[in-house]
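Written below as structure tokens is the structure these notes are about.
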Amino acid sequence: MERLTVDRAAVDLQAPLILLVDDERDFRLLLRNELEACGFLVEEASSGEMALERLKIVEPDLVLLDVMMSKMDGIATCQAIREKAPFQNLPVLILTGVDGLDYIRRAFDAGATDFINKTSNLALVSQRVRYALRNHKQKDALFSSRSQLELAQRVAKLGYWKLDIQSSRMTLSDQARVILGYGPSQFDNTLKTYLNLIHISDQEKVRSAIDCAIWQGDPFGVDYRIIDVRGNKRFIHTEGDVIVDEKGKPLSILGTVQDITELKRNESTYEHMALYDSLTDLCNRHLFLNRLDHVMASAHRDEKLLAVCFIDLDGFKKINDNLGHAIGDELLKSVAKHLKSNVRKGDIVARLSGDEFALAIEGINTVEELEKIVGKISHKLSQPHRIRGHEILSPASIGVTLYPLDSSTKTDLLKNADAAMYRAKQLGGDQYCFYTHDMRDRNQRRLELEHHLRHALGKGQLRVYYQPQMDVKTGKIVGVEALLRWQHPEYGLLPPVKFIHIAEETGLIFPIGIWVIETAFKQLQQWHNQGFGRLRIAVNLSARQFLQRDVTQSLSKIMHESHFDPQFLSVEITESVAMNNIEGATRVVEQFKALGAQVSIDDFGAGHSSMNHLQRLQVDSLNIDRSFIMNIAGREKDGATAKAIIGLAHGLGLRVIAEGVETPTQVEFLKREHCDELQGHHFSPPVPAEQMTQFLATHQ
């Protein structure tokens, strides 16, 4: 079903309007969400014909046009758009998943402004859209005279070149000469001269790309730096494809050259994102801890006190639930603004996660001086925030600890401040508490839990529970997930969330992980012997297990010793673990696949995966994050997201497993959307092996 036409009178008139034309509904949804998150308005059309009808009633600022569509493809649609007088200068970006310069040439011949690979990270697509809009705005301003028109053509920054392989003669288009800084007669048409422009560190990379293209006949793309004839450093992207004769002998290379200097500058924003919180632009946890090292060293050198404050907003979850996440985000930005305006120059303000903030206040001479600063911050945060017509009260609980009086390590300082914050919250919130050593009880319990965990495996306190996975089409149980539990002698049955972080921090995760896998393998073989012959078992790998250097060797050894058939194993890794180290994840996934095991991405949708990364990983299935399943019928956005994930997965040839299924409504929704497998309390909670055996006997 098509989206309604955007009413620009009802929204921000300054926001650019994008007409998105693609016959793949799931891709339109994903790209629309990305564009809207970047501040664009989006109008959709599912075909070239529909796009032309839309242009009768809307005036977009840019068209994103898929090249491969049924009936009227993107190139024909682009030609039809250019035939209409009002849209002859409208930016038209071609979305293509097809390799080859022929499509690129046809697109430009049809009037396309630029092209974008559909498999690109969606965030980069939005950057290219913004870049194209800025170029278009510049060109409009320059169209008033002939000289300005020529300058506007140069703003496009795309040229062509041709290399004759036999003679090494290279010809450049006029725009390519401009990009490289050559005048009309300055280039001597030799490859050697062209290569001499390239930064010395990049020359071998470009030579290698050209040589490989000649010998292997494959197209290539390479980014490199040049020092143009005027001495300016630029970033260039070149693509080329080999032209061969009827016998397959390479004759020449035809390629494009594009100035991507501005795009490279935009990529520096991603480095900023790695160190700063995207919502508030405060330091994130990583940068805060890094800077904390420096201010601790300064405090030690100057013999001053350093305060670390942990801040948690009171009642933030209730505000989020009642007023929505948009209001919650605005509140967090307002809090960040108050914190920055009420600390001194040199103090560090950070957002650690959610509604948790941290401060490092340096140069303190006395506790009384610190109390005045923290008291002022606490008072300011207790004042109402006026957001979108709402007057919102969200005071804060603040924990304060001092270096070097309370601790000499940054880890302990944060723990101390956290403990003091919880004490402030226990006292009713809207106040601050200084850390005292009696708050160590909380830390003591953690140490006791660690001590008990070290002996839990030897004392037989660990358990493996199992939860079934049902095939939607057949209604049969096709797999079980192995889930760790700890039968603690004092605290009862504990789920992993209570202790797995301790296991990770101490390294106990490795022997525990091996025990879980060995136990799960033995149990599955018992079930196979009992007649449940095609049953599959899924085991979870934590971040530290997955990144362990010999993880696949360990798994292979266990399978060999237990005579376990790897085709019945599914290894689950979380989306965040995979995406945080895509190179390492790709390598490990390939090793698991080489063993014969399946690999599944767990909690999918909670992170920031790209289509390109998913294709590189070569996994077998995606497990939809249970947060989307929980409100699948109540929140339209969650339902739409679940649909999009299922469509995306099926488009990549992956199976989809929905976890956390608890209600008949969720079951019907997922069946209707052709989800492959379901798992959750609606069928069975995680249970011991004996109970699972009974369950399997009655559900096969």
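Applying the condition of being acidic (Asp, Glu) and in a helix (DSSP H, G or I) to the range 425-469 and asking which residue is surrounded by the most Cβ atoms within 10 Å (Cβ to Cβ) yields Glu450.
Of all the listed residues (Val539, Val588), the sole one being modelled with pLDDT of 90 or more and either crowded, with 19+ Cβ neighbours inside 10 Å or under 25 Å from the mean Cα position of the chain (by Cα) (or both) is Val539.
In the range 171-184, the residues that are in the same structural domain as Ile227 (by TED's automatic domain parsing) reach residues that are crowded, with 19+ Cβ neighbours inside 10 Å and of a type in the set (D, E, K, R) with C-beta atoms within less than 7 angstrom, at least six apart or across chains, in these pairs: Ile179/Lys157; Ile179/Asp259. For the range 270-300, a tally of residues being among the small types (Gly, Ala, Ser) and touching a residue at least 12 places away in the same chain (Cβ under 8 Å) returns 3. Regarding the range 473-489, can at least one residue be identified that is under 31 Å from the mean Cα position of the chain (by Cα), of a type outside the set (Lys, Arg), outside any strand (DSSP E or B) and surrounded by 18 or more Cβ atoms within 10 Å (Cβ to Cβ)? Checking the range 473-489: not a single residue is under 31 Å from the mean Cα position of the chain (by Cα), of a type outside the set (Lys, Arg), outside any strand (DSSP E or B) and surrounded by 18 or more Cβ atoms within 10 Å (Cβ to Cβ).
Scanning the range 24-59 for residues that are assigned to a loop (DSSP other than H, G, I, E, B) and without any contact (Cβ under 8 Å) to a residue 12 or more places away in the chain yields a single hit, Lys56.
Each residue in the range 333-373 was checked for being surrounded by 21 or more Cβ atoms within 10 Å (Cβ to Cβ) and assigned to a helix (DSSP H, G or I), and 2 pass. Exactly one residue among Ala107, Ala76, Ala132 is touching a Cys at 6+ places or on another chain (Cβ under 8 Å) and either small (Gly, Ala, Ser) or in a helix (DSSP H, G or I) (or both), and that residue is Ala107. Residues in the range 525-543 that are outside any loop (DSSP other than H, G, I, E, B) and of a type in the set (S, T, N, Q): Gln525, Gln526, Asn529, Asn540. Please tell me if Tyr224 is at pLDDT 85 or above and either at positive phi or of a type outside the set (D, E, K, R) (or both). Spelling it out, Tyr224 is indeed at pLDDT 85 or above and either at positive phi or of a type outside the set (D, E, K, R) (or both).
Inside the range 82-104, residues that are in a helix (DSSP H, G or I) and either in contact with a Gly (Cβ under 7 Å, 6 or more places away or on another chain) or among the hydroxyl-bearing types (Ser, Thr, Tyr) (or both) make up a count of 2. Just one of the numbered conditions (1) farther than 18 Å from Met692 by Cβ; (2) in contact (Cβ under 8 Å) with a residue 60 or more places away in the chain is not true of Lys498; which one? Lys498 satisfies all of (1) farther than 18 Å from Met692 by Cβ; (2) in contact (Cβ under 8 Å) with a residue 60 or more places away in the chain except (2). Met559 meets each of the listed conditions (1) part of a helix (DSSP H, G or I); (2) within 20 Å of Ile601 (Cα to Cα) apart from (2).
Give the residue that is nearest to Val374 (Cα to Cα), with candidates limited to residues of the range 289-310 that are of a type in the set (Lys, Arg) and assigned to a helix (DSSP H, G or I). If we take residues in the range 289-310 being of a type in the set (Lys, Arg) and assigned to a helix (DSSP H, G or I), then Arg291 is nearest to Val374 (Cα to Cα).
Within the range 56-97, if we keep just the residues that are within 35 Å of the chain's Cα centre (by Cα) and among the small types (Gly, Ala, Ser), the residue that is nearest to Ile116 (Cα to Cα) turns out to be Gly97. Pairing each residue of the range 211-230 that is in contact (Cβ under 8 Å) with a residue 60 or more places away in the chain with any residue that is assigned to a helix (DSSP H, G or I), provided the two are 6+ apart or on different chains, yields C-beta distances under 9 Å for Pro219/Leu101; Pro219/Ala213.
Within the range 508-526, residues that are under 16 Å from Ala597 (Cα atoms) reach partners that are in a helix (DSSP H, G or I) and of a type in the set (Gly, Ala, Ser) with beta carbons closer than 9 Å, at six or more positions or on different chains, in the pairs Ile517/Ser554; Glu518/Ser562; Phe521/Ser562; Gln525/Ser562.
Condition first: aliphatic (A, V, I, L, M) and under 25 Å from Arg265 (Cβ atoms). Now tell me which residues in the range 221-252 satisfy that. Correct list: Val222, Ile226, Ile227, Val229, Ile236. For the residues Gly651, Gly639, the requirement of being of a type in the set (Gly, Ala, Ser), closer than 20 Å to Arg32 by Cα and at pLDDT 85 or above singles out Gly651. Among residues of the range 110-129 being out of contact with any strand residue (DSSP E or B) (no Cβ under 6 Å at 6 or more places or on another chain) and assigned to a loop (DSSP other than H, G, I, E, B), the one that is surrounded by the fewest Cβ atoms within 10 Å (Cβ to Cβ) is Thr119.
The values are calculated or read from the model by the stated rules, or taken from the named source; none is laboratory data. Since the model is a prediction, treat every value here as computed from it, not as a measurement. Every residue, glycine as well, gets a Cβ built from its backbone with ideal geometry; the counts of neighbours run over all protein chains shown.
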